Amino acid sequence: MKKYLLISLFILILTSTIAVSAVDFENTTIKGLNITTDYDGALSEAQSQNKSIVLIFDQASCQYCEMLKENVLSNSTVQKELNENYIVVLVDINKNPKIANKYKVFGTPIIQFLDSKGNETMRIEGYVESDEFLNSLKEI
């Protein structure tokens, strides 16, 4: 009986581990915001539409990244400004280390602004509130 219980427990733990590992923890959708993870496609789109690019550097288990998504990027005023004037790209620094290294990003969140040709124009390091983010957009 004890052996059967241990085997059942082992199977339960094994299936739970497999189920959890199959979940994609990267949240690449923010309701109301046009966002992509395709960096190269965003560069092409920015050039063809003459729009600037906003790179949002992110990683799993980043509390401030989640706060940025929930409090700032979900704000309707921020979304309106971004959707109308920018191509927004979410870059996971662990899944895209070449892009992170190119922009010298080693921690998150970092928001890097680029012009339509891909030139760096401004950078925000760390979490900022919606008002500060919108003021930064006006400076570009």
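Would you list which aspartates and glutamates come within 20 Å of Lys117, measuring only between C-alpha atoms, while excluding same-chain residues fewer than 8 positions from it?
Once the sequence-local aspartates and glutamates are set aside, what remains near Lys117 is Asp38, Asp40, Glu45, Glu81, Glu84, Glu139.
Among the listed pairs Lys51/Lys138; Lys31/Lys102; Lys80/Lys102; Lys69/Lys95, which have their C-alpha atoms separated by more than 25 angstrom in this model?
From the list (Lys51/Lys138; Lys31/Lys102; Lys80/Lys102; Lys69/Lys95), the Cα-Cα distance tops 25 Å for Lys31/Lys102; Lys80/Lys102.
The range 65-140: which trypsin sites (Lys or Arg not before Pro) are DSSP loop and have at most 13 other beta-carbon atoms within 10 angstrom?
When the trypsin sites (Lys or Arg not before Pro) of the range 65-140 are filtered for loop state and at most 13 Cβ neighbours within 10 Å, Lys95, Lys104, Lys117 remain.
So between Asp40 and Asn94, what do we pick up on full extension, going 0.36 nm a residue minus the alpha carbon distance?
Net length gain for the segment: 17.7 nm.
Specify whether the C-alpha gyration tensor of the range 35-83 places it in the rounded, prolate or oblate class, a ≥ b ≥ c being the square roots of the eigenvalues: rounded for a/c under 1.5, otherwise prolate if a/b is larger than b/c and oblate if not.
Because a/c hits 1.5 or more and a/b fails to exceed b/c, the range 35-83 counts as oblate.
Within 14 Å, Cβ to Cβ, of Leu137, how many net charges do the neighbouring residues add up to if Lys/Arg are +1 and Asp/Glu are -1?
Once all neighbours under 14 Å are counted, the net charge is -3.
Compute the label zone of Glu139 within the range 108-132: residues whose backbone N is under 20 Å from the point 7 Å along Cα-to-Cβ.
It comes to 108-116, 118-132, nothing else.
Pick out, in residue order, every one of the chymotrypsin sites (Phe, Trp or Tyr not before Pro) in the range 77-113 that is DSSP loop and has at most 12 other C-beta atoms within 10 Å; say none if there are none.
Answer in residue order: Phe106.
Once you put a point 7 Å from the Cα of Gln49 and another 7 Å from the Cα of Glu129, both along the Cβ direction, what distance in nm separates them?
Roughly 3.0 nm, to one decimal.
No lab work stands behind these numbers, since they all come straight from the coordinates. Computed from a predicted model, the values in this text were never measured in an experiment. Please note: Cβ atoms are built from the backbone with ideal geometry, for glycine as well, and neighbour counts cover all protein chains shown.
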